[in-house]
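Worksheet: the structure to be examined is printed underneath.
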Amino acid sequence: MSDAPLTPEYEHGGTVPIHSEVEARRRRARTSSPVLSVVVIGRNEGERLVRCLESVRAMADPGGPVELIYVDSASTDGSPERATALGAQVLTVRPERPSAATGRNAGWRVAQAPFVLFLDGDTILHPRFVADSLPEFQNPKVGVVWGHRREISTDASLYNRVLDLDWIYPPGITEFCGGDALMRREALVEVDGFDASLIAGEEPELCQRLRARGYQILHVDRPMTGHDLAMTRWQQYWRRAVRAGHAYAEVAARFRGTATPLWEADARRNLIRGGVLLLTLVLGVGGALLGSAIIPLLVVGLWLALAVRTALKVGWKSRDPLTRFLYGLHSHVQQIPILVGQLGYYRDRWRGRRRGLIEYK
């Protein structure tokens, strides 16, 4: 996979120009059925939403009219008005238990096109992704097509720089996709869309049900979206990993004992790794408080060795050794908040409670 910087289409800081070809496509959309429905979800994304919607308007012609739908989760920053001004059909959802799945379901269920592109409001669509990816659906087994999502501003923070590598997967048939994906609408109908009871992990859960119906999830080797993680604080990093742990536990429990288990091994592995790594930190701090220099040094040495080992394994993700080392460190540090998220899920289930949305922005 290429480690080249994001393309200029992602790097601009202003708005995407709207060309006459795009305006002509809009006029055709009023008189004929759309070939593509774009569902964008968001909440208080502000100018990021404007940038996202304008990137949709500026994409290469997919072969016919495009329907643009924005689903808002009770924003207070004027996002619905911004979306209306840019020609989007606006829906507002106010569920008691908010989730991304609720917004996506609201969008695709009113969509008219045979293919639905899902985007988060903090992303920028690559102009060629849809036009180049729709032909993949000539294979009737393909239910989902997704490409490369990369961070827009990797130099904005250490978190952005490191977590950018989290988005990199090898192309081919995969188990699941992320939130940005192009889907066959009839496949969504078959499985009744996303599970709105999940506060995280809704895309892998959906993909597992699609795969059980014989559909393939295809990851293509082409740019899809630029993403604005906007992460600058440790608290954001921690909450994002806690949310991942909750998703691991809940989705694994959902498919446990079925013919198509998902994340069961990952969840079990995290319980072990997260527990051991947490124990090493406790030992290191305890040793330091007792005046020992050997124990803290051994703990630091262990963590550095683990980070270096992972950095060597992910050489294909980046050519920069420092970025790979930091990513290796992240891959182990995150095991602790992921463990916290898993344990939180099991605690809530034991108490008969369901946790609300875990936001990190």
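We did not get these values from a lab; they are worked out from the coordinates using the rules stated. Because the structure is predicted, anything quoted here is derived from the model rather than measured. Cβ sites come from the backbone with ideal geometry, for glycine too, and all protein chains shown count toward neighbours.
I need the phi-derived Karplus couplings for segment 92-107: 6.51 cos²θ - 1.76 cosθ + 1.60, θ = phi - 60°, integer Hz, Gly and Pro marked x.
For segment 92-107, the Karplus-derived couplings read 10, 10, 9, x, 5, 10, x, 7, 4, 4, 4, x, 5, 4, 4, x Hz, x marking Gly and Pro.
Work out from phi, with θ = phi - 60° and the Karplus expression 6.51 cos²θ - 1.76 cosθ + 1.60, the ³J(HN,Hα) of each residue of segment 308-319, listed in order in whole Hz, and give x for Gly and Pro.
Once θ is set to phi - 60°, the couplings for segment 308-319 become 5, 4, 5, 4, 5, 5, 9, x, 6, 7, 7, 8 Hz.
Could you let me know the centre-to-centre spacing of segment 240-297 and segment 36-72, using Cα atoms, in angstrom?
Answer, in whole Å: 38.
Sorted from largest down, give the three principal axis spans of the alpha carbons of the chain, whole angstrom values.
77, 44, 42
Against the 2.2 N^0.38 Å scaling, with N counting residues, where does segment 151-277 land? I'd like the Cα-based Rg ratio to two decimal places.
In units of the globular-protein estimate, segment 151-277 measures up at 1.15.
Suppose a student asked you for the relative contact order of the chain, using Cα pairs under 8 Å spaced at least 6 residues apart; what percent would you report?
17 percent.
Counting other C-beta atoms within 10 Å, which of Leu297, Leu322 has the fewest, and how do the rest follow?
Leu322, Leu297
How long is the gain from Ala156 to Ala74 if the chain were fully straight, where each residue apart is worth 0.36 nm and the alpha carbon distance is subtracted?
Net length gain for the segment: 26.7 nm.
With labels modelled as points extended 7 Å from the Cα through the Cβ direction, what inter-label distance (nm, one decimal) is found for Asp348 paired with Thr258?
Placing both labels 7 Å along Cα→Cβ, they lie 2.0 nm apart.
Report the residue, chosen from Ser75, Ser292, Ser331, that carries the largest GNM mean-square fluctuation when the chain is represented by alpha-carbon nodes joined by springs under 10 Å.
Ser292
Expressed in nm to one decimal, what extension gain is obtained for the pair Arg128 and Glu359 from 0.36 nm per residue of sequence separation less their Cα-Cα distance?
This chain segment gains 80.1 nm when fully extended.
Distance between Cα centroids, segment 80-140 to segment 151-219: provide it in whole Å.
For segment 80-140 versus segment 151-219, the Cα centre distance is 14 Å.
Taking the Cα centre of the chain as origin and charging only Cβ (+1 Lys, Arg; -1 Asp, Glu), how large is the dipole, in debye to the nearest 20?
1000 debye
Pull out the extension gain between Asn44 and Glu175, defined as 0.36 nm times the separation in residues minus the alpha carbon to alpha carbon distance; nm, one decimal.
44.1 nm
With the chain treated as a Gaussian network of Cα nodes joined by springs under 10 Å, which of Ala252, Ala74, Ala212 yields the largest mean-square fluctuation?
Ala212
Quick one: Trp263, Trp303, fewest Cβ neighbours within 10 Å first, how do they rank?
In increasing order of surrounding Cβ atoms, one gets Trp303, Trp263.
Can you give me the long-range amide H partners of Val142? Hydrogens built in the peptide plane at 1.01 Å from N, cutoff under 5 Å, separation of 5 or more residues or another chain.
Those qualifying (amide H under 5 Å, at least 5 residues apart or on another chain) are Gln216.
Within a 10 angstrom radius of the beta carbon, how do Glu202, Glu175, Glu186 rank from fewest other beta carbons to most?
Glu186, Glu175, Glu202
I need the calculated FRET efficiency for the pair Thr92 and Arg269, taking r as the beta carbon distance and R₀ as 41 Å, to the nearest 0.05.
0.55
Could you pull out every one of the aspartates and glutamates with an alpha carbon less than 16 Å from that of Lys313, ignoring same-chain neighbours closer than 8 positions?
Asp3, Asp166
Based on DSSP, what percent of beta bridges with both residues in segment 8-232 are antiparallel, to the nearest 5?
35 percent
If you take the beta carbon distance between Ser197 and Thr232 as r and set R0 to 35 Å, what does 1/(1 + (r/R0)^6) give as a FRET efficiency, to the nearest 0.05?
0.65
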